[in-house]
Amino acid sequence: MVDVASTGMNHRPATGSQRSAWAKLSTSSGWLGFWYMVPAAGILILFLAYPLFLGVWMSFTDTRIGRPGEFVGLENYEWLQDDTVFWLSVFNTLLYTVVASGAKFVIGLYLALLMNHHLPFRSLIRALVLIPFIVPTVLSAIAFWWIFDSQYSIISWSLMKMGLITENINFLGDPNLARACVIFANIWRGVPFIAITLLAGLQTVSPSLYEAATLDGATRWQLFRYVTYPLLTPIIAIVMTFSVLFTFTDFQLIWAMTRGGPVNSTHLMATLSYQRAILSGHLGEGAAIATAMIPFLLAAIMFSWFGLQQRKWQHGGSND
Amino acid sequence: MASVEIRDVRKAYGSTRVIHGVDVDIADGEFVILVGPSGCGKSTLLRMIAGLENISGGEIRIGDRVVNDVPPKERDIAMVFQNYALYPHMTVADNMAFSMKLRKADKAEIESRIDRAAGILGLKPLLDRFPRQLSGGQRQRVAMGRAIVRDPQVFLFDEPLSNLDAKLRVQMRTEIKELHQRLKTTTVYVTHDQIEAMTMADKIVVMHDGIVEQIGSPLELYDRPGNRFVAGFIGSPSMNFLDGRISGDGFETDGGLRLPLATAPAGSEGKPAVYGLRPEHIALDPAGIPVTVKVIEPTGSETQVFADAAGQQVVCVFRERITAKPGETIHISANPRLIHLFDPQEGSRLTH
Ligand SMILES: Nc1ncnc2c1ncn2[C@@H]1O[C@H](COP(=O)(O)OP(=O)(O)OP(=O)(O)O)[C@@H](O)[C@H]1O
Ligand SMILES: [Mg+2]
């Protein structure tokens with residue numbers, strides 16, 4: 001006891017000033033905030049920023065698998081500019097994204113509105129709608145691959161049995177048919193996410209608003225147009241941003257169903273990048289294709305960012 | 001404006017019957033309040049008038065038209081909801097204009113009607129705001145404004161004041177009353193607050209468990225409640241009920257206290273009865289019955305005393321200050337002409 005007390009006495013001036021410096025640091029909310037952010041920032045840098053940076057850097061080199069590359073400036077991009085397959089993949093990606101996202105939105109919204117009504121077997125229908133979402137993508141892609149198989153397609157088989165066609169349809173062998181098929185598969189897979197999210201949004205709309213509008217004389221269409229739709233726009237903006245991002249970067253479905261064929265007609269930028277970088281070993285060129293997706297994704301994000309910006313009615317505060 | 005007739009109306013949700021045959025006549029321009037404890041079916045009845053619930057049996061007329069199968073928008077009624085149900089994405093002006101825009105009224109008419117309603121309700125400075133930017137009382141007024149611009153045959157209100165604080169509630173009460181005197185539109189108003197009912201109504205409909213217990217003007221219900229339920233429901237604090245029997249020209253409680261009666265009902269000698277006595281009709285009287293004070297609650301203007309009258313609780317309200325302490329005995333009496341006798345089983349009124 002005595003020892004402790006005397007040591008404490010001896011060192012008091014030193015510890016006192018140290019403690020006050022430490023106390024200042026640890027109670028300063030700026031520093032505290034910094035320390036709290038370190039782990040999250042570390043994870044983000046390690047797993048997001050670093051690979052992104054590495055990818056972009058690689059696109060400026062002629063790295064191949066097994067051979068460290070050298071800086072070549074914009075050479076990869078100059079190559080891509082004259083590469084018709086690359087431009088075809090850009091076209092395919094845009095077509096795929098626009099058609100599939102549009103269709104997913106319309107069908108998803110329709111299903112959400114339907115499920116929001118008092119249907120018989122409502123919970124059963126909700127469960128059914130979720131199935132495509134639960135099945136792993138690769139599994140559903142393989143199922144579609146069978147459905148659209150040139151020999152064993154169940155569609156061809158049924159149509160033949162009904163006598164509507166005389167020979168098998170070569171679903172994945174014809175460029176435009178193949179595009180339609182992968183888009184169909186993507187829609188099938190993506191609708192549940194949109195339907196369920198929009199349903200959640202619909203359920204936040206107070207039923208008394210519909211009652212008030214009904215008494216105000218609104219028809220069913222007007223209820224949707226003037227009450228449901230405006231109240232749903234914030235959620236629509238979020239869900240469509242995600243949908244566009246996921247569709248634009250889709251890889252699994254295409255790779256499992258067509259590998260980009262026939263004659264590159266279903267190659268998306270993601271699949272082409274993978275093929276060039278990993279299968280052909282031209283890491284630099286693959287990285288350049290992947291990097292070329294960034295401006296498109298940024299544009300999509302900006303678009304929804306402005307779409308997402310809180311509308312005036314959503315926040316209280318000043319009346320500007 | 002129109003009268004509303006409710007004839008033997010019933011409502012069942014599947015096999016759960018919630019309204020068992022209700023008859024109410026509402027005259028043109030009348031302010032009628034449906035009042036009753038929670039779950040008695042007030043909102044259901046109101047929503048059936050509005051057309052938001054279909055009618056399981058009976059008939060509702062608005063004006064001279066049976067509206068059972070008329071869709072809500074053709075009934076020409078306007079409703080103010082408990083949560084106001086303002087469209088959050090529309091400004092105050094758009095909220096009020098919505099119904100007129102839907103029926104494609106011309107711009108000048110819309111504007112003049114909004115202007116008039118906003119003038120009546122003091123909403124002019126708020127027309128460009130969104131509901132989020134309004135206080136509870138202002139939202140309440142916008143909800144009324146939305147009803148007023150419609151210029152409907154009937155106004156329906158479902159507990160419009162229950163989300164407001166006590167002071168604002170009193171203020172809005174007056175405003176709604178004034179509004180009615182000004183517009184003279186037939187109004188059906190639902191509340192579970194009997195003070196609101198007493199102060200605002202031309203006519204009160206007391207409901208209980210899906211039936212109508214009594215219909216009458218506020219003072220009729222106060223002075224001559226038709227049964228024990230109405231007697232206990234109307235008036236605050238509620239009426240005291242003492243169990244006992246009629247004996248001679250008076251009433252003897254189960255604890256043996258003798259209370260006076262103006263006139264005993266004929267042929268009731270010795271029969272059990274319930275003696276109903278309003279707290280505010282009790283006075284201190286050295287010649288009265290002795291009761292033991294249990295709790296004293298002074299409110300300034302008056303004093304509430306909870307006392308024990310030979311085993312039964314009695315609540316008294318005195319205008320004067322009370323000096324007695326808990327545990328002491330005070331003597332009280334009441335004017336025998338202001339008491340009510342009820343049947344102990346059926347609760348029906350025994351006195352004239
Ligand atoms: N959709 C429904 N299905 C089954 N029962 C219902 C339904 N709506 C209401 N009820 C029942 O009907 C009865 C009357 O309900 P109502 O809403 O009219 O009560 P209320 O008098 O307005 O009560 P409160 O003062 O609490 O608003 C209640 O017992 C309620 O449980
Ligand atoms: Mg109610």
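Tell me, B:297, B:280 in order of fewest to most beta-carbon neighbours within 10 Å? The partial results should precede the final answer.
On the way: B:297 12, B:280 19.
If I rank by nearby Cβ atoms, fewest first, I get B:297, B:280.
Would you please classify the overall shape of the range A:82-315 from the alpha carbon gyration tensor, given that a ≥ b ≥ c denote the square roots of the eigenvalues, rounded means a/c under 1.5, and beyond that prolate means a/b larger than b/c while oblate covers the rest? Can you show the working numbers first?
Numbers: a/c = 2.69, a/b = 1.42, b/c = 1.89.
The shape class here is oblate.
Across bins of 10 angstrom width beginning at 0, how are the C-alpha pair distances of the protein assembly as shown distributed, in whole percent?
Once binned at 10 Å, the Cα pair distances of the protein assembly as shown give 3, 11, 14, 14, 13, 13, 12, 9, 6, 4, 2, 0.
Specify the angular offset, from 0 to 90 degrees and rounded to the nearest 10, of the alpha carbon long axis of helix A:2-27 from the longest principal axis of the alpha carbons in chain A.
40 degrees
For the range B:4-233, give the share of DSSP beta bridges that are antiparallel, in percent and rounded to the nearest 5; count only bridges with both residues there.
Numbers: 20 of 38 bridges.
Roughly 55 percent of the DSSP beta bridges within the range B:4-233 come out antiparallel.
Sort A:181, B:316 by Cβ crowding within 10 Å, fewest neighbours at the top.
Fewest-to-most ranking of A:181, B:316: A:181, B:316.
Placing +1 on the Cβ of each Lys and Arg and -1 on the Cβ of each Asp and Glu in the protein assembly as shown, which of A:304, A:85, A:202 has its Cα farthest towards the positive end of the resulting dipole?
A:85
At a Förster distance of 45 Å, what's the computed FRET efficiency of residue A:117 paired with residue A:151, Cβ-Cβ distance as r, to 0.05? All intermediate terms of the calculation are to be shown ahead of the outcome.
Values: r = 42 Å, r/R0 = 0.94.
According to the calculation, E is roughly 0.60.
Taking the Cα centre of the range B:4-233 as the origin, how large is its charge dipole in debye, to the nearest 20, when only Lys and Arg (+1) and Asp and Glu (-1) carry charge on their Cβ atoms?
Working: 32 positive and 31 negative charges, 146 e Å.
The calculation lands at about 700 debye.
In a GNM of chain A with a 10 Å cut-off on Cα contacts, which of A:41, A:213, A:49 has the highest mean-square fluctuation?
With Cα springs under 10 Å in chain A, the top fluctuation among A:41, A:213, A:49 is at A:41.
How far apart, in nm, are two points set 7 Å out from the Cα along the Cα-to-Cβ line at residue B:266 and at residue A:225?
Each label point lies 7 Å from its Cα, and together they span 7.2 nm.
How long is the gain from residue A:87 to residue A:110 if the chain were fully straight, where each residue apart is worth 0.36 nm and the alpha carbon distance is subtracted? Could you put the intermediate results ahead of the total?
Working: separation 23, 0.36 × 23 = 8.28 nm, distance 3.44 nm.
Going from the current span to full extension adds 4.8 nm.
Between the helical axis of A:283-308 and the dominant principal axis of chain A, each derived from Cα atoms, what acute angle in degrees is found, rounded to the nearest 10?
Roughly 80 degrees, rounded to the nearest 10.
Go through B:73/B:104; B:177/B:203; B:11/B:177; B:11/B:42; B:42/B:203; B:73/B:101 and tell me which ones have a Cα-Cα distance over 19 Å in this structure.
On the way: B:73/B:104 14 Å; B:177/B:203 13 Å; B:11/B:177 30 Å; B:11/B:42 11 Å; B:42/B:203 15 Å; B:73/B:101 14 Å.
Long pairs (Cα-Cα over 19 Å): B:11/B:177.
Ranked by Cβ crowding within 10 angstrom, fewest neighbours first, how are B:296, B:330 ordered? Could you put the intermediate results ahead of the total?
Values: B:296 17, B:330 20.
Ranked by crowding around the Cβ, least crowded first: B:296, B:330.
Given the range B:4-233, what whole percent of its Cα pairs are spread farther than 27 Å? The partial results should precede the final answer.
Numbers: 8933 of 26335 pairs.
Here the long-distance tail beyond 27 Å is 34 percent of all Cα pairs in the range B:4-233.
Report, in degrees rounded to the nearest 10, the 0 to 90 angle that the Cα long axis of helix A:175-203 makes with the longest principal axis of chain A.
50 degrees
What fraction of the DSSP beta bridges in the protein assembly as shown is antiparallel, stated in percent and rounded to the nearest 5? Write down the numbers at each step before the final one.
Details: 60 of 78 bridges.
In the protein assembly as shown, DSSP labels about 75 percent of beta bridges as antiparallel.
Starting from the Cα of residue A:135, step 7 Å along the direction of its Cβ; do the same at residue A:34; then give the gap between the two resulting points in nm.
5.4 nm
Go through the range B:263-344 and name the trypsin sites (Lys or Arg not before Pro) that are in a DSSP coil and have 13 or fewer other Cβ atoms within 10 Å of their Cβ.
Values: sites: B:294, B:319, B:321, B:337; in loops: B:319, B:321.
Here the trypsin sites (Lys or Arg not before Pro) that fit, given the DSSP loop and packing criteria, are B:319, B:321.
Just going by the charge dipole of the range B:268-314, with Lys and Arg at +1 and Asp and Glu at -1 on Cβ, which of B:309, B:283, B:293 is farthest out on the positive end?
Going by the charge dipole, the pick is B:309.
Using only Cα atoms, what is the ratio of the radius of gyration of the range B:239-284 to 2.2 N^0.38 Å? List each step's numbers first, then the result.
Details: Rg = 10.5 Å, N = 46, 2.2 N^0.38 = 9.4 Å.
Expressed relative to 2.2 N^0.38 Å, the Cα Rg reads 1.11.
Rule-based calculations on the coordinates, nothing more; no lab input. As the structure is a computational prediction, the values presented were derived from the model and not from experiment. Note: ideal-geometry Cβ built from the backbone for every residue, glycine included; neighbour counts use all protein chains shown.
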